[in-house]
Structure formats: C-alpha cells, structure tokens
Amino acid sequence: MFIEPKRGRGQGQKAGWVEVICGSMFSGKTEELIRRLNRAKIAKQKVEIFKPAIDIRYHESDIVSHNQTFIRSTPVNTSGEILLIASDCEVVGLDEAQFFDEGIVDIVNILAEQGKRVIAAGLDMDSKGVPFGPMPNLMAIAEYVTKVHAICVVCGDIAHYSYRKVADPQQVLLGESDSYEARCRRCYHLNP
C-alpha cells in the first residue's frame, strides 16, 4: 500500500518528489494514478494531468482506465510542452509514461525541483519483456516506486508480463484485450 509522504516544513520552497506506478497491462496503473490525483484534488491542490497524444484508445484527451474510470488530461506531442502548462500547479500526473520521449526524465526532475509532486504511470516492460522507453530512468530518479500486478489469464497467478496475442514487430502497438493479455512469468515464456 502506498502512503503519501508528508511535506516538510523547512525554510524556502517546498520539496517536490517523484512517484512511479508501473506494471503490466491490466494491472491497474491508470486506476491507481487517477485515485492519487483525485485525492490531491480533494485536498484542494492544483493538479495538471498529461498523456502522450498518440494514446487515443479510449478518448482523445481524457485518461481512462480499463474499468472506465476517467479524469481530464491534456494530450502532448513532446515532453517539453508539459513545462509550459504545469507552471502553476502543485501536482503533475503523467499516464502512459513509456510513450513519452526520453526528455521526460529531465522534465520530471525539473518539476520535482520546482517543488511539485510528480506521479507517472506506465508499463515497465514491453511485450518482449524489455524495459520500455524512459520508464527505467523514471524509476531510477523516483523517490517512490509502486509495482502493481495483474492476474495471469492462463493460470490465475500474479502476472507482470504483457503478452502480445497478435504478430506485429513494432514495439508500440496500441491495443486492449484483443491484442494483449496479462501473464505470469511461466505462462509468458510457455506461449501457449
């Protein structure tokens, strides 16, 4: 269970930090991101939320979880756009962080150094089991990393792999349960 840190009462600017929520597809990453962002809104904190413009699976602008929970967001083409919009906020949310360009790591560091709480959610591995995009570097700079798990559709064990059911050599293939399923280590490598 993630416990939100308390802000210190030192002199000068408040300390910012980075939280990363990672795991396979269907593990609840976006749902957890939305939960944390809604709690910040309840606390009357100013929240800005971003997602890569390429992710239009459920909605062009909203972030939507697999169980249809949603929250308003701003689609961006590059990570640099985030700094322009997030200047006045206290909390920054990022969904599908694996799809951002490598510059997102520097942007996240800048935001945290400005005293902001940054919460990024994304796939830690692609369908080949390889670390995905900027996620390893985001996890390395984060103060808090939460790894969430799905349930293996083959055997029912804890799953942390995104098994691609369709043949496509591209690393990025937007899809849902028609293209992917969650699998445990054993069932992922058996490939039935």
Taking the Cα-to-Cβ direction at Lys147 and at Ala167 and moving 7 Å from each Cα, how far apart do the two end points lie in nm?
3.2 nm
Report the label-to-label distance for Ile42 and Asn77 in nanometres (one decimal), using points 7 Å from each Cα along the Cα→Cβ vector.
3.8 nm
Paired Rg and Dmax values of segment 17-148, which use every Cα atom, in angstrom:
13.2, 41
Set of lysines with alpha-carbon distance to Lys147 below 19 Å, sequence-local pairs under 8 removed
Lys29, Lys128
Packing-based order for 110-118, 94-102, using average beta carbon neighbours within 10 Å, highest first
94-102, 110-118
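Quick note: the coordinates plus some simple rules give every number you see, no bench work behind them. Being a predicted model, the structure only gives us computed values, none of them experimental. For neighbour counting, all protein chains shown are included, and Cβ atoms are generated from backbone atoms with ideal geometry for every residue, glycine included.
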